[in-house]
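What follows is a single structure, written as structure tokens, with notes after it.
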Amino acid sequence: MEIFAEQLMNGLTVGSVYALVALGYTMVYGIMRLINFAHGDLFMLGAYVGFTVLMTFFAQSGLPLWVILLCIAFAAMAAVALAGVAVERAAYRPLRRSHRLTAVVSALGASIVLQNGAMLIWGPRYQAYPAWAVPSTRFEVFGVSMTSMQLLILAIALVLMVALYFFVQRTVLGMAIRATAIDHDTARLMGIDIDQVIRLVFIIGPALGAAAGVMIGLYYRQIHFTMGWAYGLKAFTAAIMGGIGNIPGAMLGGFLLGILEMLGAGYISSAWKDAMVFVLLILLLILRPHGLLGERVAEKV
Amino acid sequence: MKAGSVFRSPLVRWLALLALAAGMIIFPRAASRYWTDVAVFFGIYVILGLSLNLIVGEVGLFNMGHAAFFAIGAYTTAILSTQYGIPLAWLWPISAAAAGLFAYVITRPIIHLRGDYLLMVTIGLNEIIRIALINDPGGLTGGSNGLFVIDRLRIFGWTVSTPTDFFYLVWGFIAVLVVVLLRLQNSRIGRAWNYVREDEIAAASMGVDVRWAKTLAFTLGAALAGGAGTLYAAKMRIISPDSFTFWESVILFAIVILGGMGSIPGVIVAAGALMVLPEVLRDFMEYRMLFFGVAMVLMMIFRPQGLWPSRRWAQELAQDAAEAKSAPAER
């Protein structure tokens, strides 16, 4: 029982990170029908930007820890949102009307550029977030031990997700996003600027991804320029699990994937946990291809 | 007479082909050992590119896990050779059959998935295989260290051991393969494949068995990649999971798209660009992948039909573009 509760907590922590990254995939897919392969690398970029800001400006600042963490998270989110907009402008916008395959290859190209750009800037070795930046008080809640870092990740992820949900459901801009996802041309006829909506999505998604990147950096402490690929693939799996294009689905998928992965690691085998995730994905796509919350989409003739 | 039409004349074509063949025969005697080796790996990538071209290029199925089939071929060869001492020459068809069978079984339930879903499943498959190889199930795969192949490849008394031997074997095989594939392209099957790629529903309503066409392409492509795995294992002698990662699959995918979907000469040109240029640009090693990524984006923007497009694919893209212009509908 103790293992179960602990793995559940680990799963929720990792799952909230998957959910944040999955939101970026699912929003872009919902609007553009494109797998943004560069999204995982934007997440990685967030972890590195947070690390660099932390080491350059806050190494001896003496400020309270929560101020520092808030600052680096905002810096990473802003920088990565900019990078996201740049990627969209350079690699996706020129291809908006072309064949699906060309956009997929362009997305892979953008991913390779980001990864190797990060390698050239920060070097091929692992970097480590310093221990002093990580809140590490231990709690016992109902006999389950957890760290303040885990609680912080969960809390911030939940706040961001709730904020996003209300933004999309209750604001005019959110309505524009939803309308564009349903039908570009009708949305345009209603006076929605599609380019603006796409840009907005490429600000929100990467910003959430960057926040997730900083969280993972603080949680596991080690960051590497290839990490975007592993987390990106899992987050995309989470997005598919929930039903791609569906925002609550991505959140659900993220948490579910995180929990299943950690339970699998705890009870079955940690060496096989990634393989189990993909077997799950394949089974899900065979049995329920539209995901848990997604609607069945008829193939267009 | 335009420059292009010179190559349409049969005489010029035959002369060019003859010159190419003569050049290939002389190459390993003129080039250093090192460049012969580069040419051998280039050749293995050409075979892999051609095998993936059957799936991605001819039928338009998004397979981004092709390294999985390559891995199955290479590991089948290494395991059967080291454990049971089966000669490598026999293992070539056996490995091809193993990879083909695996593809057949695994793709049956997923072959109907469209586009991006199939892409994700094949990526997942690639990862599952790689993780399985690392985890060393039953002590068969040697974990992350991989396996060492002791045996030499012997074909009808010819021991293939030096780079020159491998060069002739690989490129001789490619020559035969290209002839077969060209025949296949213009056969009933090849046309059915292209039909499925261009419009699945129309193809089905004209009596093409879409499921069969897709499964056949996947199985054949995987078998060819599995055979390439034997050549790779025989050449490298040490194989490890590192050679069969997702990025390997991405590079193969890029070879097909950059060369031009369904274009056999395109695959060869693109494989050459991706395998030989890095050797030439060794001094810029660090920037190599960055350059590669930028090139992928720029190619898709300015020359989406590929370096050496096949006529059918260029037509389809042009049609898509015209439709998009006349009716800015759909998305």
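Working from Cα positions, state the angle (0 to 90°, nearest 10) between the long axis of helix A:247-267 and the longest principal axis of chain A.
40 degrees
Would you kindly work out the equivalent ellipsoid of the range B:132-232 from its C-alpha gyration tensor and give its semi-axes, the square roots of five times the eigenvalues, largest first in whole Å?
Ellipsoid semi-axes (Å, largest first): 36, 22, 9.
Once every DSSP H run of n ≥ 4 in the protein assembly as shown is given -39500 (n - 2.57) and the sum is divided by its residues, what mean residue ellipticity at 222 nm do you get, rounded to the nearest 500 deg cm²/dmol? Present the calculation step by step, with values, prior to reporting the outcome.
Values: 25 runs with 452 residues, N = 632.
Counting only the DSSP helices, I get -24000 deg cm²/dmol.
Test of understanding: express the Cα radius of gyration of the range A:18-113 as a ratio to 2.2 N^0.38 Å, with N the residue count.
Scaled against compact globular proteins, the figure is 1.27.
What nm value, rounded to one decimal, do you get for the distance between B:W247 and A:A155 when each label is placed 7 Å out toward the C-beta?
3.9 nm
For the range A:149-191, list log₁₀ I(q)/I(0) at each q in 0.25, 0.31 Å⁻¹, using the Debye formula over Cα point scatterers of equal strength and ignoring solvent, two decimals each.
Results for the range A:149-191 at q = 0.25, 0.31 Å⁻¹ read -0.78, -0.95.
Return, ordered by residue number, the residues of the range B:158-191 whose backbone nitrogen is under 11 Å from a label point located 7 Å along Cα→Cβ of B:R33.
What the label zone holds, given the 11 Å backbone N cut-off, is B:162-164.
For chain A, with the dipole built from +1 on Lys and Arg beta-carbon atoms and -1 on Asp and Glu ones, taken about the Cα centre, which of A:L45, A:C71, A:V113 lies farthest toward the positive end?
Toward the positive end, the furthest listed residue is A:V113.
Please find the FRET efficiency linking B:A16 to A:I121, where r is the Cβ-Cβ separation and R0 is fixed at 30 Å, and quote it to the nearest 0.05.
Calculated value: 0.05.
If the reach is capped at under 16 angstrom between alpha carbons, list the aspartates and glutamates near B:K235, excluding any in the same chain fewer than eight residues apart.
Within reach: B:D37, B:D151, B:D165.
Express the Stokes-Einstein translational diffusion coefficient of the range B:172-230 in µm² s⁻¹, to the nearest whole number, given a Kirkwood radius over alpha-carbon pairs, 20 °C and a viscosity of 1.002 mPa s.
D = 172 µm²/s.
Using a simple spin-label model with points 7 Å from Cα along the Cα→Cβ vector, what separation in nm is obtained for A:I3 and B:I25?
It works out to 6.8 nm between the two label points.
Under 5 Å between amide hydrogens, which residues at least 5 positions from B:L153 or on another chain qualify, with H placed 1.01 Å from N in the peptide plane?
Those qualifying (amide H under 5 Å, at least 5 residues apart or on another chain) are B:V160.
Taking the Cα centre of the range A:23-225 as origin and charging only Cβ (+1 Lys, Arg; -1 Asp, Glu), how large is the dipole, in debye to the nearest 20?
That gives the range A:23-225 a dipole magnitude of about 260 debye.
Got a sec? Charge dipole of chain B, +1 on Cβ for Lys and Arg, -1 for Asp and Glu; which of B:M289, B:V178, B:A270 is way out at the positive end?
Going by the charge dipole, the pick is B:V178.
Just to be sure I follow: if Rg is taken over the C-alpha atoms of the protein assembly as shown and Rh is the Kirkwood radius over the same atoms, what is Rg/Rh?
Checking Rg against Rh, the ratio lands at 0.98.
May I ask for the Kirkwood hydrodynamic radius of chain A, worked out over all distinct Cα pairs and given in angstroms to one decimal?
Evaluated on chain A, it is 19.7 Å.
Within 10 Å, at most 13 other Cβ atoms, and a DSSP state outside H, G, I, E, B define an exposed site. Report the longest part of chain A free of exposed GluC sites (Glu not before Pro).
Within chain A, the longest run free of exposed GluC sites (Glu not before Pro) spans A:1-294.
Given the options B:A204, A:V104, B:I238, identify the residue whose Cα lies farthest towards the positive end of the charge dipole of the protein assembly as shown (+1 on Cβ of Lys, Arg; -1 on Cβ of Asp, Glu).
The Cα lying farthest towards the positive end belongs to B:A204.
Between B:A204 and A:T186, what's the calculated FRET efficiency when r is the beta-carbon distance and R0 is 30 Å? Round to 0.05. Intermediate values should be presented prior to the final figure.
On the way: r = 30 Å, r/R0 = 1.00.
Once the sixth-power term is evaluated, E becomes 0.50.
I need the P(r) histogram for the range B:33-244: all alpha carbon pairs, bin width 10 Å from 0 out to the longest distance, whole percents.
For the range B:33-244, the binned pair fractions read 9, 34, 34, 18, 5, 0 percent.
Can you give the mean number of other chain Cβ atoms that lie within 10 Å of the Cβ atoms in peptide A:210-222?
Per-residue shielding by partner chains comes out at 0.
Using 0.36 nm times the number of residues separating B:V276 and B:V178, minus their current alpha carbon distance, what extension gain do you get?
Additional length available on full extension: 33.2 nm.
Kindly write out, for the range B:211-227 in residue order, the coupling ³J(HN,Hα) from the Karplus curve 6.51 cos²θ - 1.76 cosθ + 1.60 (θ = phi - 60°), rounded to whole Hz, with x marking Gly and Pro.
For the range B:211-227, the Karplus curve yields 4, 5, 4, 5, 4, 4, 4, 4, 5, 4, x, 5, 4, 5, 5, x, x Hz.
Quick check for me: using +1 on Lys/Arg Cβ and -1 on Asp/Glu Cβ, what's the dipole size of the protein assembly as shown about its Cα centre, in debye to the nearest 20?
Computed about the Cα centre, the dipole is about 1320 debye.
Taking the Cα-to-Cβ direction at B:A322 and at B:I238 and moving 7 Å from each Cα, how far apart do the two end points lie in nm?
Each label point is offset 7 Å from its Cα along the Cβ direction, giving 5.6 nm.
Applying the Karplus parametrisation 6.51 cos²θ - 1.76 cosθ + 1.60 with θ = phi - 60° to the phi angles of the range A:107-114, what ³J(HN,Hα) value in whole Hz is obtained for each residue in order, glycine and proline being reported as x?
With the stated coefficients, the range A:107-114 comes to 5, 5, x, 4, 4, 5, 4, 4 Hz.
Using a Förster radius of 41 Å, what is the FRET efficiency between A:Y165 and B:E286 based on their Cβ-Cβ separation? Nearest 0.05, please.
Numbers: r = 43 Å, r/R0 = 1.05.
My answer for the efficiency is 0.45.
Where nothing but the Cβ of Lys and Arg (+1) and of Asp and Glu (-1) is charged, how large is the charge dipole of the range B:33-244 around its Cα centre, in debye to the nearest 20?
So the dipole magnitude of the range B:33-244 works out to roughly 360 debye.
Taking only C-alpha pairs under 8 Å that are 6+ residues apart, what is the relative contact order of chain A in percent?
38 percent
Every number here is computed from the coordinates shown, using simple stated rules; none is lab data. What you are looking at is a predicted structure, and each value in this text was computed from that prediction instead of being measured. Please note: Cβ atoms are built from the backbone with ideal geometry, for glycine as well, and neighbour counts cover all protein chains shown.
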